[in-house]
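Here's the structure, in structure tokens; my notes come after.
The values are calculated or read from the model by the stated rules, or taken from the named source; none is laboratory data. Since the structure is predicted, the reported quantities are computational estimates derived from the model, not experimental observations. Counting neighbours? That spans all protein chains shown, and the Cβs are built from the backbone with ideal geometry, glycine included.
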Amino acid sequence: MKIACWSGPRNISTAMMYAFGNRADFSAVDEPFYAAYLALTGREHPMGDQILASQPQDPAEVVAAIKGPDATPHIYHKHMAQHMIPEVPRDWFADMKHVFLIRHPARVVASFSAKYDNPELSEIGFVQQAELYEQLLTEGHSPVVIDSVDIRADPEGMLRALCDRLGLDWDPAMLSWEAGPKPHDGVWAAHWYNAVHGSTGFAGAEGEMPELEGEMKALAEAALPSYALLQAVRLRA
């Protein structure tokens, strides 16, 4: 089984990758289109030069690797929805089981803007998630939507429900992992993954919603319709 998990930044996407990567029957891949996205858009990101040097910049080469054989019975791909720009082929979608990982826009914007200056709507993934979800439905897929707030409130219940929907046996190894970097981390982990590297499992339930002002408040509000579309069909434990 090949799983494509579609997220945006500052979600629990890395923790989810660690959960699946901790299973003996899974390997994991971290944002395989990141370098191609930067090369094609010219965007400047933290550690941009290192990212460009660490991965293929040709999306066709990335697709070939995704469609190729895997070393383990199953593989989990962590994707950022905003990486799916028009130049990136989508003909590999048919080979995957698709999962959408969502988080309330106010929480994403508050966290992302602390590490990335002046983010735009196109950089936080919500519009692209909604568009990808609608495309997959049109093509006959049955994508699963999970909300990070539900996972953090009940990790075992939600991960059991997700495995059931995907047709996987439950594995309690998904609930905990050793602290520190992982072999499947992207090179950008040095900038983004400090919190998850200190973790040994999913963080507890989320606290109060952050208060945003000005441009950041407007950004979160612009993302709300896309989030609401997916949140309405999210998986329940």
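Per-structure values
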read-out: Pair list, Cβ under 9 Å, 6 or more apart: the range 192-213 residue in contact (Cβ under 8 Å) with a residue 24 or more places away in the chain and farther than 22 Å from Asp117 by Cβ, other residue of a type in the set (D, E, K, R) and in a loop (DSSP other than H, G, I, E, B); value: Thr200/Glu178; Ala205/Asp154; Glu206/Arg103
read-out: Qualifying residues in the range 222-235 (those that are assigned to a loop (DSSP other than H, G, I, E, B) and within 17 Å of the chain's Cα centre (by Cα)) - the one surrounded by the fewest Cβ atoms within 10 Å (Cβ to Cβ); value: Arg234
read-out: The one condition in (1) out of contact with any strand residue (DSSP E or B) (no Cβ under 6 Å at 6 or more places or on another chain); (2) at pLDDT 95 or above that Lys115 fails to fulfil; value: (2)
read-out: Some residue of the range 200-218 being closer than 19 Å to Met80 by Cβ and surrounded by 15 or more Cβ atoms within 10 Å (Cβ to Cβ); value: no
read-out: Count of the range 161-198 residues which are surrounded by 14 or more Cβ atoms within 10 Å (Cβ to Cβ), charged (D, E, K, R) and within 17 Å of Ile12 (Cα to Cα); value: 2
read-out: Residue that is within 19 Å of Leu230 (Cβ to Cβ), modelled with pLDDT of 95 or more and of a type in the set (Val, Ile, Thr), where the choices are Val145, Val88, Val63; value: Val145
read-out: Residue under evaluation Thr138, criteria (1) of a type in the set (S, T, N, Q); (2) without any contact (Cβ under 8 Å) to a residue 24 or more places away in the chain; (3) under 18 Å from Asp30 (Cα atoms), criterion not met; value: (3)
read-out: Residue list for the range 1-41, restricted to those being of a type in the set (Gly, Ala, Ser), part of a helix (DSSP H, G or I) and farther than 23 Å from Gly167 by Cα; value: Ala35, Ala36, Ala39
